[in-house]
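Please read the structure below before turning to the comments.
The values are calculated or read from the model by the stated rules, or taken from the named source; none is laboratory data. Everything numeric in this text was worked out from a predicted model, so none of it was measured. Positions of Cβ are backbone-derived with ideal geometry, glycine not excepted, and every protein chain shown enters the neighbour counts. Calculation scope for accessible area: heavy atoms of the full protein, side chains included, ligands and nucleic acids excluded. Shrake-Rupley method; radii C 1.70, N 1.55, O 1.52, S 1.80 Å.
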Amino acid sequence: MKRWSCWGVSKVLEAKPSLPELIRWRLALDRRIAKRGVEHYLSKGMQAHQIGERWGQKLQRTREDLITLIQRERLTIVKREEPLPNPLGIRAWLDTGRKEILLFMPVLKSIEEQLPWTAEDLVPIALAHEFFHYLQSEGKIEFLSSRWPIGKRWRLFPLRTTAFDEIAAFGFARGILQLPYSPLVIDYFMVEEGA
């Protein structure tokens with residue numbers, strides 16, 4: 001198991017890829033985008049991050065304010081001690097039916113063991129990310145997958161990807177929490193460093 005105990009977040013961030021490289025990496029994870037050519041979608045990925053960040057900056061909240069804002073929307077924050085039964089390592093999940101944001105603490109703790117972010121750092125990032133998706137589900141923020149279809153299926157139906165919405169959610173978390181980095185870097189290190 002890789003330990004980052006001698007490295008702080010700032011040291012890791014010095015070695016991180018640039019924002020365009022992070023977005024290029026995230027887009028390449030979508031096989032349909034990768035098949036069509038990531039470079040064709042890079043500017044849309046950058047725009048998605050900026051749109052999310054601007055929405056977050058409008059709210060610019062501290063961690064406590066974010067929780068208050070979430071509760072004002074009548075969302076419940078649930079900390080689960082068992083992981084979601086899938087191999088994706090999902091840290092948080094929005095259940096729109098129950099109006100809950102589920103935090104999967106074992107996944108957050110495993111990141112904490114392998115990367116220099118603590119669960120205390122990761123919880124507000126996960127909350128902000130899922131809150132962005134909640135605002136989308138309520139029609140308060142548009143779904144960028146609807147704005148930017150990546151092609152047509154059978155030349156009739158728009159082919160959509162959630163990649164732009166996910167990138168925007170990372171931008172939103174950066175903006176609302178006033179982070180000096182995009183939280184997308186955490187996913188990058190989780191995958192690329194084998195966390």
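Equivalent-ellipsoid semi-axes for the range 67-195 (Cα gyration tensor, √(5λ), whole Å, largest first): 25, 19, 15.
When each of the peptides 108-114, 31-37 is scored by how many other beta carbons lie within 10 Å of its residues on average, the order from highest to lowest is 108-114, 31-37. For the range 87-125 versus the range 34-81, the spacing of their alpha-carbon centroids is 15 Å. Less than 5 angstrom separates the built amide H of Thr161 from those of Ile150, all sequence-distant by 5 or more or on a different chain. Solvent-accessible surface (1.4 Å probe) assigned to Tyr134 amounts to roughly 10 Å². Between Leu42 and Phe157, the distance separating the two model label sites (each 7 Å from Cα on the Cα→Cβ line) works out to 3.2 nm.
Among the listed pairs Lys16/Lys58; Lys58/Lys152; Lys109/Lys152; Lys35/Lys58, those with a Cα-Cα distance over 31 Å are Lys58/Lys152; Lys109/Lys152; Lys35/Lys58.
Once R0 is set to 25 Å, what does the formula 1/(1 + (r/R0)^6) return for the Cβ-Cβ distance between Lys58 and Lys99, expressed as a FRET efficiency to the nearest 0.05? Walk me through the numbers on the way to the answer.
Numbers: r = 22 Å, r/R0 = 0.90.
So, using R0 = 25 Å, E works out to roughly 0.65.
Solvent-accessible surface (1.4 Å probe) assigned to Trp93 amounts to roughly 120 Å².
Simple point charges give the picture: +1 on the Cβ of Lys and Arg, -1 on the Cβ of Asp and Glu, and for the range 74-195 a dipole about the Cα centre of about 780 debye. The alpha-carbon atoms of the range 118-189, seen along their principal axes, cover 47, 29, 18 angstrom, with the largest extent given first.
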